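Enquirer: This structure is in structure tokens; I'll ask about it shortly.
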Amino acid sequence: MDTIRIILSTAAQYGWNIFQLDVKSAFLHGDLKEEIFVQQPIGFEKKGKEEKVYKLRKALYGLKQAPRAWYNKIETYFTSNGFERCFCEHTLFTKSQGGNILIASLYVDDLIYTGNDESMCDDFRSSVMSEFEMSDLGRMKYFLGIEILQHTHGIFVCQRKYV
């Protein structure tokens, strides 16, 4: 949560917009490093081969390796696209390019980003959405139970749902 506050305060200080993307079926993007076998799901057994098992090619929700596999996949995307991972916050990535900066933070399947160059933000959004299936939620309005109101004169944070 501290990372989110830092991003919010930085964006507010410099008058940057903060945008949000939601990864669809995030854990299904992860590639497994080891061999994992599962029983045939109930109702989907092959007749005469009920004792057989399936070898997974991709991570599944509920699999203990799924979160790590997803993180490795998205981290590889960031590093191969010129981002640097923060050494003390592994879900925070930054990219500097000709005096411009882009800051992105990942929280499981939610991604927020901001920066001082709109075209850099647009390029990032297009690139990451072509790599992963995502919903573009536009300017950040609601994140982790916090309502975010972005105005020209600042960013306001409230938690009306908890009042």
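Enquirer: If you wrap the range 1-50's Cα atoms in a convex hull and average its projection over all directions, what's the area in nm²? If you can, show how the numbers build up before the last one.
Expert: Values: hull surface 27.2 nm².
Projected area, direction-averaged: 6.8 nm².
Enquirer: Just want the answer: with Cβ charges of +1 for Lys and Arg and -1 for Asp and Glu, which residue in GLY98, GLN150, ASN72 is farthest toward the dipole's positive end in the chain?
Expert: ASN72
Enquirer: Treat every Asp and Glu Cβ in the range 44-124 as -1 and every Lys and Arg Cβ as +1, leave all other atoms uncharged, and give the resulting dipole magnitude about the Cα centre to the nearest 20 debye. Mind showing how you got there, number by number?
Expert: On the way: 12 positive and 12 negative charges, 190 e Å.
Its charge dipole is roughly 920 debye.
Enquirer: May I pose another question? Sorted by packing (mean other beta-carbon atoms within 10 Å per residue), highest first, where do 99-107, 57-65 land? Write down the numbers at each step before the final one.
Expert: Numbers: 99-107: 17.8, 57-65: 13.2.
Final packing ranking: 99-107, 57-65.
Enquirer: A follow-up question, please. Along each of the three principal axes of the Cα atoms of the range 59-108, give the extent in whole Å, ordering the values from largest to smallest.
Expert: For the range 59-108, the Cα extents along the three principal axes come out at 42, 19, 14 Å.
Enquirer: Taking every Cα atom in the chain, find the radius of gyration and the maximum pairwise distance Dmax, and write them in Å.
Expert: Rg and Dmax of the chain, Cα atoms, are 19.2, 68 Å.
Enquirer: Return the calculated 222 nm mean residue ellipticity for the chain, to the nearest 500 deg cm²/dmol, obtained by summing -39500 (n - 2.57) across DSSP H runs with n ≥ 4 and dividing by the residue count.
Expert: Numbers: 3 runs with 42 residues, N = 163.
Value at 222 nm, helices only: -8500 deg cm²/dmol.
Enquirer: Among CYS86, MET134, GLY62, pick out the residue whose Cα is farthest towards the positive end of the charge dipole of the range 56-150, where Lys and Arg carry +1 and Asp and Glu carry -1 on C-beta, about the Cα centre.
Expert: GLY62
Each reported figure results from applying straightforward, stated rules to the coordinates on display, with no laboratory input. A quick note: this is a predicted structure, and the numbers were derived from the prediction, not measured. For neighbour counting, all protein chains shown are included, and Cβ atoms are generated from backbone atoms with ideal geometry for every residue, glycine included.
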